[in-house]
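Working notes for the structure below.
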Amino acid sequence: KSQKGIALYLSVVIMAMVLSIALGISTIFTGQLKVLRNMGYSVIAFYAADAGIEKILTIRDNPINIPATPLSNGATYEVSVRSAGFLGCAAANYCIKSLGSYKETNRAIEISY
């Protein structure tokens with residue numbers, strides 16, 4: 001008679017342990033999903049910066065600064081150009097920096113030519 005209710009107690013303890021393990025695993029997976037999503041954003045921002053570099057390289061005569069320009073996928077790029085010898089630019093002609101942005105991620109590419 002002293003063991004009445006022990007099955008109910010054990011089932012509640014086991015269910016609490018299973019629930020805590022499931023919540024711990026879901027917390028880890030949620031963090032990993034955020035990291036993977038941000039890596040995807042980083043790639044898009046990098047290629048937006050690359051698009052800015054490609055755009056400025058098509059202007060051969062006198063490259064100029066390009067303000068924030070949106071792309072069709074929602075990313076933007078912004079290009080700044082410095083002449084040789086200006087603000088530490090050690091290039092033969094120009095130093096070009098392109099900043100690509102997507103959502104909350106920014107990536108930059110800088111070239112000298």
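The values are calculated or read from the model by the stated rules, or taken from the named source; none is laboratory data. Here the structure is a predicted model, which is why all the values come from computation and not from measurement. Cβ sites come from the backbone with ideal geometry, for glycine too, and all protein chains shown count toward neighbours. Side chains are part of the model used for accessible areas, which takes the heavy atoms of the whole protein and leaves out ligands, DNA and RNA. Shrake-Rupley method; radii C 1.70, N 1.55, O 1.52, S 1.80 Å.
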Practice problem: Counting only residues that are open to solvent by 80 Å² or more (accessible area, probe 1.4 Å) and at pLDDT 90 or above, give me the strands (runs of 3 or more DSSP E) lying completely in region 39-113 with at least 3 of them. | Solution: 105-112
Quiz prompt | Residue under evaluation SER80, criteria (1) of a type in the set (Ser, Thr, Tyr); (2) touching a Pro at 6+ places or on another chain (Cβ under 9 Å); (3) over 25 Å from VAL35 (Cβ atoms), criterion not met | solution = (2)
Self-check item: Residue check for LEU19: modelled with pLDDT of 95 or more and either touching a Gly at 6+ places or on another chain (Cβ under 9 Å) or assigned to a helix (DSSP H, G or I) (or both)
Solution: yes
